[in-house]
Structure formats: C-alpha cells, structure tokens
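The values are calculated or read from the model by the stated rules, or taken from the named source; none is laboratory data. Bear in mind the structure is a predicted one, so any value in this text is a computation, not a measurement. Every residue, glycine as well, gets a Cβ built from its backbone with ideal geometry; the counts of neighbours run over all protein chains shown. Calculation scope for accessible area: heavy atoms of the full protein, side chains included, ligands and nucleic acids excluded. Shrake-Rupley method; radii C 1.70, N 1.55, O 1.52, S 1.80 Å.
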Amino acid sequence: MSDIVTAGILVIGDEILSGRTKDKNIGFIAEYLTNIAIDLREVRVVADDEDAIIEALDALRSRYTYVFTTGGIGPTHDDITADCVAKAFGVAIGYHPDVVARFRERFSEAELNEARLRMARIPEGAELIQSATIIAPGFKIGNVIVMAGVPSIMQAMMDIVAPKLKSGVKMLSESVKADAREGDIGGPLRAIAAAHPDTMIGSYPFLDEERKPNTNLVVRSRDPDKLQQAMTAVKQMLAELHNNKNN
C-alpha cells in the first residue's frame, strides 16, 4: 500500500552485543516512528565489522522506506559506520568543510587531533544532521539516516530529521483488559483475527494488582471503522467468556 511507510533500525557496536552497553535507542526510535506514522518492521544489531555492517545495511535499505542506524560515528578506530555507508552507496568519503570549520571554532589546534577529525568525514552527497548543540553531526544519504549511539544526541538528531521524512496513514489502536488468562482466549481470539484481516490483534499477558494472570488485548488498524468492528468482536467474545464462567 502506498500509504504505508516502513523502516528498519541497524544498531552498530560490539559493546551492545557484549552487553557492556544496554541499548536505549531502539525503544525510543520505535515509539517515535509510531507517532509519526512510520511502521518499524525490523531491527538488527551487528558488530563493528565492515562486512556485517554493509550486508545488513544493503538488506535493510532495499526492503524499507527508511533505515535508521545508531552508533559507530565517534572518534575511535572502531567507529567505521560512515566508511561502511559510503562503501554501501559506492561514493567517496572525505572531510566535510563545514564540519571541519565548526570543529576549528570549537577545538584548539592541539585538541583538533586526527581522532576528532574522523567525525568530520562524511560520505559524498550526504545531507548533514546537525544543530548548534550537536558537535559531531549525523547524516542522511539516500534512505539511510545515520545517527549517534549516545541516546541524548540520537534523540536530538531524530527531532531534526523527522520533519523531513515521509509519513504514512497513522495506525490507530484501542485496548481492553481481558480479565482472563491468555490461554483461555487464544482460540476465539485467533478466530476474530482471521475474520478481521485488516486489523492486528495482540495479546499481552501480565500480573494484575492481585498478582493474578491477566491479559491486555490491543487492536490496531489504519481504518477506524474496521478497528471498531474488530474491537466490538473482542468485547463480545470476552463478555461471552465471562458469562459462561459465571453460569
């Protein structure tokens, strides 16, 4: 459907895979995209390895409207994201004059060493993602948005790039507490989902305030009428379940 805009996330970094750093970006980006009507379809986490980054990037950018990457654009030797993106797109990479100029305003000659200058290397043709408070920029090239791994910086970059993105028809949702265990409603819920193919119905078990097993049911659809039809069916199913239990 032309009104559906999709996205993938590529998280880059050995520190994520080793567990030394706990990712805080996936959830933020996922919620952010939902709010601007972009469907997140896939998340991959890869090491600081050139082949792995390029392979994942090529797979995601060919499959989805946008790809958001986090991590690997810092000053150290293992920050290779920009180089990998350039290779994936088949373009040159070099020191961006505007970024170098900003660095010279921010750092002394002694501070502006080779490591910091690495952060000024941008693939040819990329659009910078920067602001007065972001020293080292991210960038957008094609349908790929390259952002920092540091959550506060990544979040600022999302705010900058989001208004320029194409968005689709917003996904609507309603939820209801089932007051039933997930296993008790699995069968009828499957039948309702089959009867309403233009909706997505999810069940999410939890322990309620009495520490008893319970389930939240969430119905999602882009069509408000179809959403209401499916939700009505869910509520009727729950009412029948409770009536049968009480009889």
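Observations, loosely collected:
- Any hit, region 219-241, residues being assigned to a loop (DSSP other than H, G, I, E, B) and either in contact (Cβ under 8 Å) with a residue 12 or more places away in the chain or at positive phi (or both): yes
- Of the residues examined, Leu165 is one that is in contact with a Phe, Trp or Tyr (Cβ under 7 Å, 6 or more places away or on another chain), open to solvent by less than 90 Å² (accessible area, probe 1.4 Å), closer than 30 Å to Ile145 by Cα and touching a residue at least 24 places away in the same chain (Cβ under 8 Å).
- Those residues of region 176-221 which are modelled with pLDDT of 90 or more and among the basic types (Lys, Arg), in sequence order: Lys177, Arg181, Arg190, Arg220
- Among residues of region 33-48 that are in contact (Cβ under 8 Å) with a residue 24 or more places away in the chain and within 19 Å of Val161 (Cβ to Cβ), those with a beta-carbon under 8 Å from a residue that is of a type in the set (S, T, N, Q) and open to solvent by less than 60 Å² (accessible area, probe 1.4 Å) at least six positions away or on a different chain give the pairs Ile38/Thr6; Ile38/Thr65; Asp39/Thr6; Leu40/Thr6; Arg41/Thr6.
- Any hit, region 196-210, residues being outside any loop (DSSP other than H, G, I, E, B), touching a strand residue (DSSP E or B) at 6+ places or on another chain (Cβ under 6 Å), open to solvent by less than 90 Å² (accessible area, probe 1.4 Å) and under 19 Å from Ile36 (Cβ atoms): no
- Condition broken by Val219, with the remaining ones in (1) within 23 Å of the chain's Cα centre (by Cα); (2) open to solvent by 50 Å² or more (accessible area, probe 1.4 Å) satisfied: (2)
- Single residue of Ala180, Ala193 found to be in a loop (DSSP other than H, G, I, E, B) and open to solvent by less than 60 Å² (accessible area, probe 1.4 Å): Ala180
- Any chance Asp98 is open to solvent by 20 Å² or more (accessible area, probe 1.4 Å), touching a Lys or Arg at 6+ places or on another chain (Cβ under 8 Å), in contact (Cβ under 8 Å) with a residue 24 or more places away in the chain and not hydrophobic (A, V, I, L, M, F, W, C): no
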